[in-house]
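Below: one structure, written as C-alpha cells.
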Amino acid sequence: MQKEPAVSADQMLAFETDCHLFSGCGFEAPGLHSFVFEPMFSIGGFDFNKPILLALVGTLAIVWFFWAAFAKPKVVPGKLQMIGEAGYDFIRRGVVYETMGKKEGEKYVPFVVALFFFVWVMNLWAVIPLAQFPVTSIFSIPLGLALVVYITWVGLTFKRHGFVGAFKNFTGYDKSLGAVLPMVVVIEFFSTLIVRPFTHSVRLFANMFAGHMLVALFTIATWYMLNGIGIAYSAVSFIMTIVMIAFELFIQVIQAYVFVLLTCSYLQGALAEEH
Amino acid sequence: MNALVNMAETEVPQNPLIPPIPEFVIGLIAFAIVFFFLWKKLLPSINKVLEERREAIEGGIEKAEAAQQEAADVLQQYKDQLAEARHEAARLRAEAQEQGAALIAEMRAEGQRQREEIIAAGHAQVEADRKQAAATLRQDVGKLATDLAGKLVGESLEDHARQSRVIDRFLDGLEEAAEADASGAAR
C-alpha cells in the first residue's frame with residue numbers, strides 16, 4: 001500500500017493539522033475512514049492496529065483493576081475493593097438476579113459481570129485522552145460478544161428443553177393461537193434465531209460508532225474553524241465537543257448495561273418453562 | 001477534496017458492518033481473558049469474603065440478640081426473686097407478729113395464772129400456819145395456864161369441864177389482849 005504523509009497523520013489525529021477555515025482548504029469531515037487504521041507494528045506476521053492494541057490494553061486494565069480489588073479481599077474492604085464490590089454487586093443483583101432470579105442466575109454471574117465490564121471499558125476508550133476511540137465501534141468486537149451470548153443461550157435452550165421443546169421455546173409455539181400459529185411460528189423463529197444476534201450487536205456497535213463520529217466531528221470542526229472570525233464558531237463547536245463527551249460517558253454505561261440486560265433476558269427466555 | 005483522496009488511498013472496506021477478522025479474533029480472546037480471570041479467580045475470591053462478611057454481620061446480630069435475651073432473662077429472674085423475697089419477708093413479718101402476739105397473750109395468761117396460784121398458795125399457807133399456830137398455841141397455853149392455875153390455887157381441878165371453861169375464858173382474854181396489841185401495833 002502506498003502511504004502519503006496525509007494518511008499517516010490520519011493515523012494519529014484523523015485530520016490534517018494545518019488545515020483551517022479561510023485558508024483555502026476544505027473541511028475534512030470524519031467518515032468511515034475514521035474507523036480504519038493502518039497496522040502500527042506487527043509481531044510474527046500479525047498486524048497490530050489501534051483498536052486491537054486498545055482492546056488488549058483495556059483487557060489488561062480490567063484484569064489489573066479486579067486483581068487489585070478482589071485478589072486479596074478483606075472483610076473490611078479498602079477503597080478499591082469497595083468500588084469493585086459496588087460494580088460487581090450492581091451487575092449481580094441489579095441485572096442477573098433481577099432477570100433470572102438468584103437460583104438460576106448464580107451460574108451466569110461471572111459471565112455477565114465480565115461482559116459488562118469488558119463492553120464498558122471498550123466503550124470508555126472513546127473518551128480516554130490519546131486513545132479516543134471506542135473499540136466497540138469496530139463491528140467485530142460487539143459481533144464476537146453477541147455470538148458468544150447467542151451460542152450460550154441457544155445451547156442452554158436445547159439443553160433445558162430438548163430438541164422439540166427448544167423449537168417451541170424459540171417460536172413461541174402455542175396451540176391456542178389457532179389459524180395464525182404458522183405465521184407466528186415463522187416470524188418468531190426468524191426474529192429470535194436470526195435477527196436477535198444481529199440487533200444485539202448492532203445496537204452497541206451503532207451507538208458507539210455514531211457517538212465517536214459526533215465527538216470527532218465537533219473536535220475536528222473546533223480545530224478547523226480556529227482561524228480569524230471562525231474562532232467564535234470554534235468556541236461553539238468546542239462547547240459541543242465537551243457536551244458530546246459528557247453525553248458519550250453516559251451512553252457508554254447505558255449501552256454496556258443494555259447489552260448485558262439483553263443477554264440476561266435471552267438467558268432467562270432460554271430457561272423459561274413453556275406455557 | 002482531501003477527504004475523498006484519503007478515503008481512496010486508505011483502501012477502506014466501505015461497509016462498516018463487514019467485520020475485520022483480526023479484530024474479531026482479538027476481541028474474543030480479550031473477552032475470554034477477562035472472563036477467565038473473573039470466573040476462576042477473582043469472583044470466587046470476593047464471593048468468599050462477601051459471604052464471610054455476611055456471616056460476620058449476621059453472627060454479630062445473633063450474638064447481640066442472644067446477649068439481650070440473656071440479659072432480659074436474668075433481669076426477669078432477678079425480679080422474680082426479688083418479688084419472692086419481698087413476699088417471703090412480708091409473710092415472715094406477719095407470722096412473727098402473730099406469734100409475738102400469741103406469745104405475749106400466753107405469757108400474760110401464764111403470769112396471771114402463776115400469780116393467782118402463788119397468791120392462793122400463800123393464802124392457804126398462811127391459813128394453815130395460822131391454824132397450826134393457833135392449835136399449838138391453844139394447846140401450849142392451855143397446858144401452861146392449867147399448870148399455872150394449879151400452882152396458884154393449889155388445888156387440882158379435877159373437874160374437866162370446869163377446867164375447860166376456865167381455860168377458854170382465859171384464852172379469850174388473851175386473844176382480846178393480843179388483838180388490842182395488834183391494832184395498837186398497826187396503828
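The values are calculated or read from the model by the stated rules, or taken from the named source; none is laboratory data. Just so we're clear, the structure is a prediction, and the values are computed from it rather than from any experiment. Note that each Cβ is placed from the backbone with ideal geometry, even for glycine, and that neighbours are counted across all protein chains shown.
Considering only segment B:108-148, state which residues are over 20 Å from B:S164 (Cβ atoms), among the polar types (S, T, N, Q) and more than 60 Å from the chain's Cα centre (by Cα). Within segment B:108-148, B:Q132 is the sole residue that qualifies.
The condition of being within 14 Å of another protein chain (Cβ to nearest Cβ) and within 26 Å of B:I29 (Cβ to Cβ) holds for only one of A:W153, A:W120, that being A:W120.
So is A:W120 at pLDDT 90 or above and within 27 Å of A:A206 (Cβ to Cβ) or not? So that I can check it myself, show each step before the final result.
Values: at pLDDT 90 or above: yes; within 27 Å of A:A206 (Cβ to Cβ): yes.
The answer is yes for A:W120.
If you go through segment A:232-275 and keep only what is more than 14 Å from A:G211 (Cα to Cα), loosely packed, with under 13 Cβ neighbours inside 10 Å and aliphatic (A, V, I, L, M), you end up with A:A232, A:I239.
Answer yes or no as to whether A:G144 is out of contact with any strand residue (DSSP E or B) (no Cβ under 9 Å at 6 or more places or on another chain), among the small types (G, A, S) and buried (at least 17 other Cβ atoms within 10 Å of the Cβ). Spelling it out, A:G144 is indeed out of contact with any strand residue (DSSP E or B) (no Cβ under 9 Å at 6 or more places or on another chain), among the small types (G, A, S) and buried (at least 17 other Cβ atoms within 10 Å of the Cβ). Just one of the numbered conditions (1) within 14 Å of another protein chain (Cβ to nearest Cβ); (2) modelled with pLDDT under 90 is not true of B:I33: (2).
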